[in-house]
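The values are calculated or read from the model by the stated rules, or taken from the named source; none is laboratory data. Computed from a predicted structure; not experimentally measured. Here the Cβ positions follow ideal geometry from the backbone for every residue, glycine too, while neighbour counts run over all protein chains shown. Heavy atoms of the whole protein, side chains included, go into the accessibility calculation; ligands, DNA and RNA do not. Shrake-Rupley method; radii C 1.70, N 1.55, O 1.52, S 1.80 Å.
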Amino acid sequence: MRGPCPAAWPIAALLVGYPAWWALGFGGLCVIAVAPAMAAVLWRRRPIRAPRGFGLWLLLLAGYLISAVMLGEMPPGTYGEFGAGRLIGYLMRLALYVSLLVMVLYLGNLTEKELPQLTLVRMLGALFVTTVAGGLLGVFAPRATFTSPVETVLPDWISGNPFVHNLIHPTAAQTQWVLGHPSPRPEAPFEWANAWGGNLSVLLVWFVVGWWVYGGPRRRTAAVALVALAAIPVVYSLNRGLWLGLGVAAAYLLLRLGGRARVATCAILTAAALVFALSPLRAMVGQRLESPHSNDIRAFTVTATLAAAGTSPIIGYGNTRNARGNHRTITTGKTDWCVTCGHPPLGGDGHLWHLMITQGFTGAALYVAFFAGAVRRHWRDRSPIGVAGVLVMILTLLYMFVYDGLVTPLSLYLISFALLWRNSMARTAA
């Protein structure tokens, strides 16, 4: 495998160096930090190529810019005042969207010599190893946390913003009442427990390609050991979306693969299911499936989000809003007699709903069209990278119903999109 040239250092710093970014407090924001370097590389090699379907992403970005005019408005059933917190959230999301646009164009305009496909795949595999390590930390040391350097230098009115705090404050796990008692759910090195789950499944896809499909005996042995270790935090994450995603991935592979590859996949899945059934982890999964406490919360927020989005269906409201009451009460927040009365943020239960409240039904439709179009265009690519990339696009469309794509998940989705684009250019050139 050829190594990357100097022009590829920004993506290497982003993926391989992610643990350092997380410890510094940048975490998912590191793509914003390296985007200027990527833009500088692009500037030196004009004219810039763009992938098919990228106009949809440009329209999505344009719609987000227009939605800023609604930041001061309040849809029915919500409350709050236009202030610094709402503006900061909007500007951070805008910076992320612009940075991701730059990143995709940067990756697609690097040549195979500058950044071999397998090298990029293995960079994602390195982040998978980091994710497994973070998951194990969350299982065995769930209270591990520390104040990052970024957190110490930011003023309190910024670092105290809940959205910002989750991004800059490194934490091993989120403790939630999922099983009727406090249960730690791994989140390191990402911003939320759900982000950890979705990211792990996407990175697992690329890890298998880089370490098993294109790996020698040593890499394959290490791959088996790492995937086995990953099963521990996967179960302890209590993440039903992740479990569903892994099931969809297994079904997809059985559909797309043929011959000996399909037989081998069936054997691996059967062996994994047998080991799981005989392990103590099975009881925890059963307990989680019998405790769907979050369903009522999701139903409330999704219904409230649809109602709010319906009052500004074209451009949305630019940022999320807090609903009045929750699924248990109509009060506006916690009181001495109702400590469980919270303010569920609209659009927080899936990126599709997030887009509806921030950019209206138009933004949600553009997002779906962008990733569904990638599936359609690249479905015939039967190479390992093509099959894997299409799987990630399908997982993206699945996860938009249950996971917020911001911040790190969207970066991984678009790196996967760039891999598909690069693959298509290589096949066309051949």
Percent accessible area from carbon and sulfur atoms, the chain, protein chains only, probe 1.4 Å: 68 percent
Ellipticity estimate at 222 nm from DSSP helix runs (n ≥ 4, -39,500 (n - 2.57)) divided over the chain, nearest 500: -20500 deg cm²/dmol
Å³ per residue enclosed by the Cα convex hull of the chain: 148 Å³
Lys, Arg +1 and Asp, Glu -1 on Cβ, resulting dipole of the chain about Cα centre, debye, nearest 20: 1660 debye
Computed accessible area, H169, all protein chains, 1.4 angstrom probe, square angstrom: 40 Å²
W157/V98 FRET efficiency (R0 25 Å; Cβ-Cβ; nearest 0.05): 0.55
Built amide H within the under 5 Å cut-off of G350, gap 5+: D404
Amide hydrogen neighbours beyond the local backbone of T78, cut-off 5 Å, H modeled: R324
Order by protection proxy (mean Cβ within 10 Å, highest first), peptides 32-39, 247-254, 77-84: 32-39, 247-254, 77-84
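Largest first, what is the accessible-area ranking of D156, D381 with a 1.4 Å probe?
Values: D156 125, D381 5 Å².
From most accessible down to least: D156, D381.
Any chance you could run the full-extension gain for V69 through R49? It's 0.36 nm times the residue separation minus the Cα-Cα distance, nm to one decimal.
Details: separation 20, 0.36 × 20 = 7.20 nm, distance 3.18 nm.
Taking 0.36 nm per residue and subtracting the Cα distance, the gain is 4.0 nm.
So how do I357, I88 rank on accessible area, 1.4 Å probe, biggest first, that is with the largest at the start? Can you show the working numbers first?
Details: I357 0, I88 30 Å².
Highest to lowest solvent-accessible surface, that is I88, I357.
Order V224, V102, V208, V31, most accessible first, counting only protein heavy atoms with a 1.4 angstrom probe. Write out the running numbers ahead of the final one.
Numbers: V224 85, V102 25, V208 60, V31 0 Å².
Correct descending sequence by accessible area is V224, V208, V102, V31.
Sorting check: for 148-154, 416-422, 187-193, which peptide has the highest mean count of neighbouring beta carbons within 10 Å, and how do the rest follow?
Going from most to least packed, we get 187-193, 416-422, 148-154.
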Amide H within-cut-off set for R185, under 5 Å, with H built and near neighbours excluded: Q174, T175, Q176
Of V153, L137, A193, farthest towards positive along the dipole that unit charges on Lys, Arg, Asp, Glu beta carbons give the range 106-224: L137
Modelled FRET efficiency - R0 25 Å, C266 with R219, Cβ distances, 0.05 increments: 0.65
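With +1 on each Lys and Arg Cβ and -1 on each Asp and Glu Cβ, and nothing else charged, work out how big the dipole of the range 74-149 is about its Cα centre, in Debye to the nearest 20. Walk me through the numbers before you get to the answer.
Values: 5 positive and 3 negative charges, 29 e Å.
So the dipole magnitude of the range 74-149 works out to roughly 140 debye.
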In order through the range 419-428: 3J(HN,Hα) via Karplus (6.51 cos²θ - 1.76 cosθ + 1.60), integer Hz, x for Gly, Pro: 4, 5, 4, 4, 5, 5, 5, 5, 5, 5
